[in-house]
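Enquirer: Below are the structure tokens for one structure; questions will follow.
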Amino acid sequence: MKEVNERVVRLAQSFDAWRAAARELIARGVPPADVAWQSQAGDGDLFSSTPDATDTSAPPLRLPRPLVELLENAACFNVHDRWAFLYQVLWRWQQGQHDVLSPADADGARLHAMAKAVRREEHDMHAYVRFRERSEAEGAPRFVAWFEPVHEVLPQVARHFARRMGSTSWMIATPTASMLWDGQTLHAGPALLRGAAEIDDAGEALWLTYYRSIFNPARVNADLLHSHIPSRFWKNLPEGAIVPAMLSGAANGERRTGQTATVGQRSGAAMIPISAERAQPARDAPTTLDQCRRCELWQHATQAVPGVGPQTARIMLVGEQPGDQEDLAGLPFVGPAGALLEQALREAGVARDSLYLTNAVKHFKWEPRGKRRLHKTPAQREILACHGWLEEEIERVQPQVIVALGSTALKSIMQDGAASMTPLLGTPAQHDGRWVVSVYHPAYVLRALDEASRRQAYRVIVEGLQHALTLLQD
Ligand code: URA
């Protein structure tokens with residue numbers, strides 16, 4: 001171990017590296033004043049240019065979870081003395097000075113402020129990253145975004161988008177690092193120039209048209225607008241380019257006349273006054289489910305969820321639409337309703353992997369409730385718009401028996417918006433040369449108010465599945 005002028009030098013390029021070094025220094029009883037921290041190899045240091053190697057065999061520290069979380073968050077705060085400061089906090093904690101975690105303590109106050117600023121930066125990045133879509137000819141990644149975070153939050157933000165954007169590839173470029181999601185794995189990359197994310201995106205024109213049309217000069221409050229979206233984000237937002245002109249137009253009299261065409265046309269706050277057909281003329285002829293814009297549900301879903309199962313399956317199960325977890329995973333019936341279905345299949349003696357499992361509607365329809373996305377029943381026009389995809393699956397798989405899980409599925413299979421499940425429970429029907437068995441949707445069982453109705457609904461599902469088996473011809 002090299003000691004230079006009583007100070008040891010430690011290199012911390014990441015939180016994990018800092019933690020390993022800090023653990024070893026604490027074990028050796030080295031006080032904060034005797035450590036010089038470097039953020040990068042070769043950082044100019046007064047005493048030495050070569051950091052000591054960290055002894056990784058030091059015993060682990062026992063720290064309370066809230067302290068670890070604070071340290072971890074504060075470690076992303078971009079300030080030159082962060083590692084030294086974190087070590088000071090840790091040292092004081094180990095010395096029994098637990099008030100170091102209190103906002104009333106000077107170090108505690110700084111620690112909390114740093115962690116809070118980092119959480120805020122993460123939140124802002126979630127809100128203000130704007131992906132631009134590249135043309136297919138440009139290859140992967142399909143979406144790219146440019147952002148200039150003040151703190152080092154890119155890795156956790158990238159994990160957030162990886163969870164939300166399913167198998168769609170994207171890259172977020174920043175002046176200090178980049179992150180690429182190839183649809184399956186995150187890859188850390190180098191710093192990039194802003195030009196890496198400057199591409200023409202037809203979808204952006206649509207977004208700007210929408211933004212202009214919802215802009216209400218009579219109601220605009222420029223101060224509020226700027227306080228909601230801090231000005232440093234404006235320059236990277238597509239709407240940032242048109243907002244100044246719209247604001248000055250509003251100030252110059254459009255306030256009086258501005259509620260004419262655009263606002264007057266709106267029948268609801270969330271209505272887009274440009275027709276979907278005009279915006280996307282090819283919407284009626286998508287060649288893949290991913291491209292489907294036959295109804296509006298794609299806009300708020302993470303991805304379309306296709307059916308899964310053997311192409312030779314003799315039984316096809318049709319649900320309503322993907323739920324929250326299915327939307328994120330891109331697979332049908334992986335959430336709570338899927339678990340109940342799995343149990344019913346087991347009880348009925350039907351092997352899940354022998355079935356083709358799909359939904360009548362392929363995009364998740366939901367409404368926000370606090371932080372949750374609550375399922376919303378699809379409308380008949382959405383069932384109809386999606387019917388082509390179900391038909392294509394039936395054509396391809398040619399099942400002998402279709403089990404409709406709930407009335408949305410039944411309406412789509414029968415192509416009858418008035419189809420009712422009740423008369424068909426326990427009585428299979430013939431449709432287009434195959435049997436259709438109707439049972440309750442598994443979510444109906446989960447929502448049942450009392451034990452007796454839950455049991456009864458569950459039995460209907462199990463018996464329907466058993467019935468489907470008996471209808472198969474060898
Ligand atoms: N409910 C459905 O109808 N389908 C799913 O995939 C999940 C829940």
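The values are calculated or read from the model by the stated rules, or taken from the named source; none is laboratory data. Because the structure is predicted, anything quoted here is derived from the model rather than measured. Note: ideal-geometry Cβ built from the backbone for every residue, glycine included; neighbour counts use all protein chains shown. When the accessible area is computed, the model is the full protein with side chains, heavy atoms only, and any ligands, DNA or RNA have been set aside. Shrake-Rupley method; radii C 1.70, N 1.55, O 1.52, S 1.80 Å.
Enquirer: Failed condition for L424, given (1) among the aliphatic types (A, V, I, L, M); (2) within 12 Å of the ligand (Cβ to nearest atom); (3) open to solvent by less than 50 Å² (accessible area, probe 1.4 Å), with all others met?
Expert: Result: L424 passes all but (2).
Enquirer: Continuing with the same structure: Where residues in the range 42-66 are of a type outside the set (D, E, K, R) and either in contact with a strand residue (DSSP E or B) (Cβ under 6 Å, 6 or more places away or on another chain) or modelled with pLDDT of 95 or more (or both), which of them is nearest to H151 (Cα to Cα)?
Expert: In this case the residue turns out to be P51.
Enquirer: Next up: Quick one: count up the residues across the range 427-474 that are without any contact (Cβ under 8 Å) to a residue 40 or more places away in the chain, polar (S, T, N, Q) and away from the ligand (no atom under 16 Å from the Cβ).
Expert: Of the residues in the range 427-474, 5 are without any contact (Cβ under 8 Å) to a residue 40 or more places away in the chain, polar (S, T, N, Q) and away from the ligand (no atom under 16 Å from the Cβ).
Enquirer: Exactly one of these conditions fails for V445: (1) modelled with pLDDT of 95 or more; (2) buried (at least 16 other Cβ atoms within 10 Å of the Cβ); (3) out of contact with any His (no Cβ under 8 Å at 6 or more places or on another chain). Give me its number.
Expert: The failed condition is (1).
Enquirer: Regarding A344, is this residue more than 15 Å from H441 (Cβ to Cβ), surrounded by 15 or more Cβ atoms within 10 Å (Cβ to Cβ) and more than 10 Å from the ligand (Cβ to nearest atom)?
Expert: Answer is no for this residue.
Okay, residues lined up against (1) touching a helix residue (DSSP H, G or I) at 6+ places or on another chain (Cβ under 8 Å); (2) assigned to a helix (DSSP H, G or I); (3) hydrophobic (A, V, I, L, M, F, W, C):
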residue	(1), (2), (3)
A145	yes, no, yes
A158	no, yes, yes
T168	no, no, no
G183	no, no, no
H187	no, no, no
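Enquirer: In the range 290-341, which residues are crowded, with 22+ Cβ neighbours inside 10 Å, more than 20 Å from the chain's Cα centre (by Cα) and within 8 Å of the ligand (Cβ to nearest atom)?
Expert: Scanning the range 290-341 gives G319, E320, A337.
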